[in-house]
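Notes for the one structure printed next.
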There are 2 protein chains.
Amino acid sequence: MSASETRIPVTLIPGDGIGPECVSAARRIVEAAGAPIDWEEAEAGADVFRKGIASGVPQETMDSIARTRVALKGPLETPVGFGEKSANVTLRKLFETYANVRPVREMPGVVTPYSGRGVDLVMVRENVEDLYAGIEYMQTPSVAQALKLISVKGSEKISRFAFEYARSEGRTSVACATKANIMKFSEGTLKRVFEQVAPDYPEIDSWHVIVDNCAHQLVKRPEQFEVICTTNMNGDILSDLSSALVGGLGYAPSANIGNEVAIFEAVHGSAPKYAGKNVINPTAVILSSVLMLRYLGRFEEAAAIEHAIFVTLESGVLTGDVLGYDRGTPTTDYTDAIIGNLGKRTEGWAIREVKPLQLPVLSAAPDYVRPDSRFVVGLDVFVESPLTADELGASLTELAHGTRMELKMISSRGTKVYPPTGAMTESGDHFRCRFIIRENPGDLWDEDVHQLLARISRRHTWMHIEKLQEFDGDLGFTRDQG
Amino acid sequence: MSASETRIPVTLIPGDGIGPECVSAARRIVEAAGAPIDWEEAEAGADVFRKGIASGVPQETMDSIARTRVALKGPLETPVGFGEKSANVTLRKLFETYANVRPVREMPGVVTPYSGRGVDLVMVRENVEDLYAGIEYMQTPSVAQALKLISVKGSEKISRFAFEYARSEGRTSVACATKANIMKFSEGTLKRVFEQVAPDYPEIDSWHVIVDNCAHQLVKRPEQFEVICTTNMNGDILSDLSSALVGGLGYAPSANIGNEVAIFEAVHGSAPKYAGKNVINPTAVILSSVLMLRYLGRFEEAAAIEHAIFVTLESGVLTGDVLGYDRGTPTTDYTDAIIGNLGKRTEGWAIREVKPLQLPVLSAAPDYVRPDSRFVVGLDVFVESPLTADELGASLTELAHGTRMELKMISSRGTKVYPPTGAMTESGDHFRCRFIIRENPGDLWDEDVHQLLARISRRHTWMHIEKLQEFDGDLGFTRDQG
């Protein structure tokens, strides 16, 4: 390293529990490998929550990341009784790190039922949208609702990212895992967009797999996958599933990558019961720092560290999570062993040659899709009522007289209950009441909506309204089951 | 079987693709075992969709199930271009079969990486609610929304069912898998209710596991689980994951059980490419018929068939899905072998002694939870706008002047963007604008809501509204990230 070499600032967040030990191991190894990093230590997590900062992330830490644009962090805890939201999720969202990257690879010496099969895949998970938006309402005293939001733009970003990531690692296939067969709009958006952008990456095979089948296939034949692109909640489950294929969270690094900022962290938690005992496995954070070095263009140091980790594991130096905590190599000795192996090369295991990652560049226009025609054709009014579906149907039909809309149907949790179908659905007090414009074709105005709402308010309690829209002649809402 | 024995009517739906072969095998075995079933054959699936019946289920089939209350069915297809919804899901919902039961057990001769570990668990999945309600909206031309609905009553039903099912099989533990840490209202409802009802089953150990960790643990140490109780979408993924632990969908039976009706079916699809070739593995439907016989109280015939299946597999008679389709035993020969083994008992494998299942009985009151106090304290208005968050915030603040509410914040996909936080969130055209009542404490009336909406309508396009409620002093809505 020459003295004139440009130094790279990185925000370093030790975090909670075993975090400081993991982060310290990674820092020592990165420095020993000669990467020109200037660390800016910053706080987040349990102590910050306890100071009364509801996000768990102080302004100085935000400022540091906004300046360095790169963070390496340990796990953060949300102490019981402080804050409602996860500080880990907050950091991902505030810096719009839309891509969560979780490589899963068989490691030498870490024996699992899959050992010898060469599991080596990367989960690319959308990191900002979906149920992780955390938008929830009690609709009635006994019915909860969470919103699952998926955008075309978010789907295009994560799809292109997955293909670009595959390219950077020289991988030849990308699978897209969704539940589009049940949720054709939300999950279907990722499927459609993925299939639209795939032809831009002609050298990469791609296909769609239903998410439950993906989970099945990951257990049955994980070696068939190279890169899997998926939505946030699915990805949460699939990536934790996958990390178990190769021996657990001790070997599961991750990157959260956005247009501006990237945050590298282990997947595991803060494991307070092992904290400070010099027994934990720091590999996940060390591998996260390898991802970081590649993101920063430091391919040589990254490869040197990866080789050294593999050489160390091949030599049988393993931590307590693998060997048992009474027999494992202490964390600091394990770290020293990796540092001692810098410069050696593994013979038994291939270390991937990685090229710079090209982040996709998309239009910044807020209206990402512009339809030629659009109409409001109805209204779903969610009503809390002790009435039966028949009674409610009769009442709402009457109230809609003289308005531009008529009651089309009532459903309970997606199953049609009015007009009667003979179904045995148990309705409860939560009904969705669908009103459709009487003229066809037609377009509703807000005055029409206000008129109908005012009438419904006379007799019934509503808590949620959705306009029913048509874009370019396509219905923007689903029909009912039954 | 005496001639005077009461005959039991069962609706038999052969279904599509390989369905008729599977169902025929099960029927022959059930009859050979001497169970006094009268089959009512009924139609559903592809041909029905093609006749223009949008649900895929004709009225006669509905009537048959309503009469017999029990159905055994093969897989149903929704042909491309016909119908929007799955006929399988429709049947489950129309008959309110709220509990999906999926046993997963290691089978003799079916070799997997987990062989010899004694995997033997049952996934109990809520079957009606959740994202499977299939309620979706395009909120803007580029933002899709699905509703995840979870009720207290639905959660109590599935929780109690899981414990009762464990009891009936003499199992000693039930785990509840949710994502309550991210979705404290929706997923949190199942967790809370599960923990509330657990003390009613003091002989059964119970605990909660975060769903992603559950997926991880199922791969790492599946033998730790006996019964897992979970929400619909999670259960979809976890149960398909689990079936792969024991060799795939060919051995994965399922039951859909409600207060009135129970439907038994394999988990696998219609696999049209194998249809009519006498090569498929009918075990999943046969095991489904075993579940059915136990549900009907025919414990002896059920045990006899289960023994015969195990004896057959132990003898090395295996189908093409396990041995390769060129070497497998033909479907009819496999069926004959099982029939030939009726009366024999497996020595190497324990066949569970099952007691009658007690379905939980819950109040039928529509208002399942009655709070002592409730207030409407604000409004979330979802707006489509090309403005920046700052511009929109200024405009909405002004419009709310003179109303009983004030603008509190704006978020984009759950991340706060107004008042400004310094976040790098990419907003798009979809904003959630939160208005809160100015008086504290206070209660909003629909007139207040209509007034604010009318003002917003002057300048902005909204497509979705949620009332913000408080029940018994608890906020019925989540705060924002960041």
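The values are calculated or read from the model by the stated rules, or taken from the named source; none is laboratory data. Keep in mind that what you see is a predicted model, and the values were worked out from it rather than measured. Ideal geometry is used to build each Cβ from the backbone, glycine not excepted, and the neighbour counts take in all protein chains shown. Please note that ligands, DNA and RNA were not included when accessible areas were found on the heavy atoms of the full protein model with its side chains. Shrake-Rupley method; radii C 1.70, N 1.55, O 1.52, S 1.80 Å.
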Per-residue HN-Hα couplings for region B:355-363 [Karplus 6.51, -1.76, 1.60; θ = phi - 60°; Hz; x = Gly/Pro]: 9, x, 7, 8, 6, x, 10, 10, 4
Per-residue ³J(HN,Hα) for region A:96-112, Karplus 6.51 cos²θ - 1.76 cosθ + 1.60, θ = phi - 60°, Hz, x for Gly and Pro: 6, 7, 6, 10, 9, 10, 10, x, 10, 9, 4, 10, x, x, 9, 7, 9
Global form of region A:402-444, assessed from the alpha-carbon gyration tensor, a/c cut-off 1.5: prolate
Separation of alpha-carbon centers, region A:429-482 and region B:36-114, rounded to whole Å: 32 Å
Residues with amide H under 5 Å from that of A:ILE8, placed H, sequence gap 5 or more: A:ILE37, A:ASP38
Where chain A is the region considered: accessible area per residue in Å², 1.4 Å probe: 35 Å²
Euclidean distance between Cα centres, region A:149-207 to region B:289-340, Å: 41 Å
Accessible area, probe 1.4 Å, largest first, for residues B:ASP480, B:ASP336: B:ASP336, B:ASP480
Heavy atoms of B:HIS307 accessible to a 1.4 Å probe, total area in Å² rounded to 10: 10 Å²
Exposure rank, largest accessible area first [A:HIS208, A:HIS460; 1.4 Å]: A:HIS208, A:HIS460
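Please report, as a whole percent, how much of the solvent-accessible surface of chain A comes from carbon and sulfur atoms (probe radius 1.4 Å).
50 percent
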Ascending list, in nanometres, of distances separating the A:ARG345 label from those of the other copies (7 Å, Cα toward Cβ): 6.5
Pair B:HIS401, B:ARG345: separation of 7 Å Cα→Cβ label points (nm): 8.7 nm
At least 50 Å² accessible surface lost relative to isolated chain, residues of region A:204-228 (1.4 Å probe): A:ASP212, A:HIS216, A:VAL219
Interface residues, region A:103-140 - accessible area loss of 40 Å² or more versus chain alone, probe 1.4 Å: A:PRO113, A:LEU131, A:TYR132, A:ILE135, A:GLU136, A:TYR137, A:MET138
Accessible surface buried upon A-B contact (total; probe 1.4 Å; Å², nearest 100): 10200 Å²
Heavy atoms of B:MET183 accessible to a 1.4 Å probe, total area in Å² rounded to 10: 0 Å²
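Take the alpha carbon gyration tensor of region A:422-482, find the square roots of its eigenvalues, order them as a ≥ b ≥ c, and report rounded if a/c is under 1.5; if not, report prolate when a/b exceeds b/c, else oblate. Don't skip to the end; give the middle numbers.
Values: a/c = 2.35, a/b = 1.19, b/c = 1.97.
It comes out oblate by the Cα gyration axes.
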Area accessible to solvent at B:PHE194, 1.4 Å probe radius, in Å²: 0 Å²
Ascending list, in nanometres, of distances separating the B:PRO356 label from those of the other copies (7 Å, Cα toward Cβ): 7.4
Accessible-area order (highest first, 1.4 angstrom probe) of the listed residues B:SER288, B:SER315: B:SER315, B:SER288
Pairwise FRET efficiency - B:ASN440 versus B:LYS273, Cβ, R0 = 51 Å, nearest 0.05: 0.20
Shape of region A:142-271, Cα gyration tensor, a/c cut at 1.5: rounded
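Report the charge-dipole magnitude of the protein assembly as shown in Debye, nearest 20, computed about the Cα centre from +1 at each Lys and Arg Cβ and -1 at each Asp and Glu Cβ. Intermediate values should be presented prior to the final figure.
Details: 100 positive and 130 negative charges, 75 e Å.
Roughly 360 debye, rounded to the nearest 20.
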Relative contact order of chain B, defined on C-alpha pairs under 8 angstrom at six or more residues apart (%): 16 percent
Relative contact order (percent, whole number), region B:172-274, Cα cutoff 8 Å, 6+ residue spacing: 27 percent
Per-residue HN-Hα couplings for region A:370-378 [Karplus 6.51, -1.76, 1.60; θ = phi - 60°; Hz; x = Gly/Pro]: 10, x, 6, 9, 8, 9, 9, 10, x
Positive-end extreme of charge dipole, chain B - chosen from B:ALA25, B:ASN259, B:ILE8 (charges on Cβ): B:ALA25
Förster radius 35 Å - calculated FRET efficiency between B:ASP63 and B:VAL369 (Cβ-Cβ, nearest 0.05): 0.50
Folded to 0 to 90 degrees: helix A:389-400 orientation relative to chain A principal axis, Cα: 70 degrees
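Which whole-number percent is the relative contact order of region B:284-442 (Cα, under 8 Å, 6+ apart)? Write out the running numbers ahead of the final one.
Numbers: 182 pairs, mean separation 29.5, N = 159.
Once normalised by length, the contact order is 19 percent.
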Residues whose placed amide H lies under 5 Å from that of B:PHE477, excluding near-sequence neighbours: A:MET138
Under 5 Å, built H, 5+ apart or other chain: amide partners of B:PHE95: A:MET424
